[in-house]
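Engineer: Quick one: the structure is below, questions incoming.
The values are calculated or read from the model by the stated rules, or taken from the named source; none is laboratory data. Predicted model only: the values in this text are computed from it and were never measured. So basically every Cβ, Gly included, is an ideal-geometry build from the backbone, and we count neighbours across all protein chains shown. Remember, those area values only see protein heavy atoms, side chains included, never the ligands or the DNA or RNA. Shrake-Rupley method; radii C 1.70, N 1.55, O 1.52, S 1.80 Å.
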Amino acid sequence: QVQLVESGGGLVQAGGSLRLSCAASGRTFSRYTVGWFRQAPGKEREFVAAISWGGGSTYYADSVKGRFTISRDNAKSTVYLQMNSLKPEDTAVYFCAATTGYYSNIPRTYDYWGQGTQVTVSS
């Protein structure tokens, strides 16, 4: 089992940057594929990015491709989401999630979730 804690959210102006962190407990973190999802008020949770257990493969939603970068440091049991050129439409609660399966952009395929961190982008 793994527990996830997100941090790094906040208020930023459009065009700015934030780096989110997802810190995990458990010694087998390196065996998990990790994804970032986001949920805006009144909307469904949507996929943002994912990274394979070794970090060799990354996946992005079209809406963030070229602006966001996902990475991981298994020695620190942490996954990062670097968000650049932020837009007001990026405003949402951002969640990290883990699965022992392969990459997926479907929330229900992930077994473990953090509590989320709020990102607000002002225009």
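Engineer: Taking the stretch 18-38 only, how many residues are open to solvent by 60 Å² or more (accessible area, probe 1.4 Å) and in contact with a strand residue (DSSP E or B) (Cβ under 8 Å, 6 or more places away or on another chain)?
Structural biologist: Result for the stretch 18-38: 1.
Engineer: With the stretch 1-71 as the region, which strands (runs of 3 or more DSSP E) entirely inside it contain at least 2 residues that are among the hydroxyl-bearing types (Ser, Thr, Tyr)?
Structural biologist: Passing ranges, in order: 58-60.
Engineer: Looking only at the stretch 102-112, decide whether some residue is surrounded by 15 or more Cβ atoms within 10 Å (Cβ to Cβ), touching a strand residue (DSSP E or B) at 6+ places or on another chain (Cβ under 7 Å) and under 15 Å from Ser21 (Cβ atoms).
Structural biologist: no
Engineer: Moving to a separate point now. Can you tell me which residue among Gly54, Gly42, Gly101 is farther than 15 Å from Glu6 by Cβ and free of Cβ contacts under 8 Å to residues at least 24 places away in the same chain?
Structural biologist: Result: Gly42 is the single residue among Gly54, Gly42, Gly101 that is farther than 15 Å from Glu6 by Cβ and free of Cβ contacts under 8 Å to residues at least 24 places away in the same chain.
Engineer: Which one of these is closer than 24 Å to Ser123 by Cα, within 16 Å of the chain's Cα centre (by Cα) and surrounded by 13 or more Cβ atoms within 10 Å (Cβ to Cβ): Ala49, Ala97?
Structural biologist: Just a single option satisfies the conditions, and that option is Ala49.
Engineer: Going through the stretch 6-17 one residue at a time, which ones are over 17 Å from Ile70 (Cβ atoms) and either open to solvent by less than 60 Å² (accessible area, probe 1.4 Å) or touching a Gly at 6+ places or on another chain (Cβ under 7 Å) (or both)?
Structural biologist: Of everything in the stretch 6-17, those that are over 17 Å from Ile70 (Cβ atoms) and either open to solvent by less than 60 Å² (accessible area, probe 1.4 Å) or touching a Gly at 6+ places or on another chain (Cβ under 7 Å) (or both) turn out to be Gly10, Val12, Ala14, Gly15, Gly16.
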